[in-house]
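Quick note: the coordinates plus some simple rules give every number you see, no bench work behind them. Keep in mind that what you see is a predicted model, and the values were worked out from it rather than measured. Cβ atoms come from the backbone with ideal geometry, glycine included; neighbour counts cover every protein chain shown.
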Amino acid sequence: MDELHSSTLLSIIQLAITPVILISGIGAFMITLTNRMARIVDRTRTLAAQVWQVQGEDRQHLVGQLAILWTRSKLIRRAVTCAGLTMLVACCLVIVIFISALLEKDLAVLMLMLFMASVLMLISALFLFLRDIYLSLRVLHQEVRRSLPDSTAPFI
């Protein structure tokens, strides 16, 4: 009987590994997101200090950059929220897997819903992350075009 119980427990743990792997992967993704957020915050502070020291077109440019950074920070904040919710829902899935085994109840529909919810939140986080990358590259392109004369920038 102990062998049967041990093998049952082993199969339950094997079922719970998938969401745990998802949590681990999202943890690495969260590091990337928080690093991007830190860079945005640092750049915003630098530009905010500079905006008061310049006038005219340069000031308008810096104000525009600050607006873009604010948009990027909102995208990253939403991505971090979605990634965090992905991990939270995956943790709930692990708990439901064990509760289902302990109570010998079929909670397959709940497990499927939790797994799908975590994957949908992950997709949302990745979409927001890609939007931030696209926006940051678009701004970089504008910066390069602004700083180089047309004759020295044939690649733009």
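One residue alone among Ser11, Ser100 is crowded, with 17+ Cβ neighbours inside 10 Å and either under 30 Å from Tyr134 (Cβ atoms) or more than 23 Å from the chain's Cα centre (by Cα) (or both), and that residue is Ser100.
Only residues that are over 13 Å from Thr34 (Cβ atoms) and among the polar types (S, T, N, Q) were counted in region 74-88, giving 1. Look at (1) basic (Lys, Arg); (2) closer than 16 Å to Leu15 by Cβ; (3) in a helix (DSSP H, G or I) and you find that Arg146 fails only one, number (2). Taking residues in region 129-146 that are in contact (Cβ under 8 Å) with a residue 60 or more places away in the chain and basic (Lys, Arg), and partners anywhere that are assigned to a helix (DSSP H, G or I) and surrounded by 12 or more Cβ atoms within 10 Å (Cβ to Cβ), the pairs with Cβ atoms closer than 9 Å and at least 6 places apart or on different chains are Arg146/His61. Number of residues in region 79-94 that are surrounded by fewer than 18 Cβ atoms within 10 Å (Cβ to Cβ) and not hydrophobic (A, V, I, L, M, F, W, C): the value is 2.
For region 69-78, what are the residues that are touching a residue at least 60 places away in the same chain (Cβ under 8 Å) and surrounded by fewer than 18 Cβ atoms within 10 Å (Cβ to Cβ)? Listed by number, the list holds a single entry, Thr71. List pairs: first in region 29-47 and charged (D, E, K, R), second part of a helix (DSSP H, G or I), Cβ under 7 Å, 6+ apart or cross-chain? From region 29-47, the pairs are Arg36/Ile76; Arg36/Asp132; Arg43/Leu69. From the residues in region 36-61 that are closer than 20 Å to Leu128 by Cα and of a type in the set (A, V, I, L, M), which one is surrounded by the fewest Cβ atoms within 10 Å (Cβ to Cβ)? So the residue we want is Ala38.
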